[in-house]
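What follows draws every value from the coordinates through simple rules; no lab data is involved. None of these values were measured; they are calculated from a predicted model. With ideal geometry, Cβ positions are generated from the backbone for all residues, glycine too; neighbour counts draw on all protein chains shown.
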Amino acid sequence: MLKTFENASGMRSCKFIKTNEFDAVFYELLNSKRKELEIEKSEHKLKSVWAVGDEAAQKAVEIAENVEVIYEKDAKKIAELAEEKKPEVILWTADLWGRRTAPQVADYGIVCSFEDFLKELN
């Protein structure tokens with residue numbers, strides 16, 4: 001892995017509150033709507049993207065011509081598939097499982113050239 005990107009949108013900000021304020025803050029947050037991330041649409045799409053799970057596949061169709069949904073849960077098996085088929089991009093969910101498993105797959109030695117990736121976009 002040459003480079004990773006972190007989405008800073010929607011990151012938590014912590015604030016200390018008093019015990020008697022907890023209920024009001026809790027119910028306010030419980031009833032508030034979650035902010036949706038607005039993504040600019042690009043006229044360029046990737047040729048193929050792997051999406052690990054259905055949730056990632058929903059976003060993958062916006063950025064790729066062809067989307068292959070992967071339902072495998074084992075990091076080693078995903079790494080072996082990726083080494084064999086060499087996808088351009090693998091999209092993961094941002095849940096606990098995705099945040100834990102994506103680095104495990106990368107640790108198996110999946111290497112891509114960022115320069116080749118940029119050439120594909122142009």
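Between beta-carbons, use under 9 Å as the cut-off and find the net charge around residue 45, counting Lys and Arg +1, Asp and Glu -1.
After counting each charged neighbour, the total is -2.
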Sequence order, segment 78-93: Karplus ³J(HN,Hα) from phi using 6.51 cos²θ - 1.76 cosθ + 1.60, θ = phi - 60°, Hz rounded, Gly and Pro as x, gives 5, 4, 5, 4, 5, 5, 6, 9, 6, x, 5, 9, 10, 9, 10, 6
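At R0 = 41 Å, how high is the FRET efficiency between residue 43 and residue 15 if r is their beta carbon distance? Nearest 0.05 is fine.
It comes out at approximately 0.50.
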Averaged across orientations, what area in nm² does the convex hull of the alpha carbons in segment 32-104 project? 5.7 nm²
Under the 0.36 nm per residue contour assumption, what length would be gained going from the current alpha-carbon distance of residue 88 and residue 30 to full extension? 17.0 nm
Give me the net charge for the shell around residue 71: Cβ to Cβ below 14 angstrom, other residues only, Lys and Arg +1, Asp and Glu -1. -3
In whole Hz, what ³J(HN,Hα) sequence does segment 17-23 give by Karplus (6.51, -1.76, 1.60; θ = phi - 60°), x for Gly and Pro? 10, 7, 4, 6, 8, 4, 4
What residues have an amide H closer than 5 Å to that of residue 91, excluding those fewer than 5 places away on the same chain, when H is modeled at 1.01 Å from N in the peptide plane? 50, 51, 52
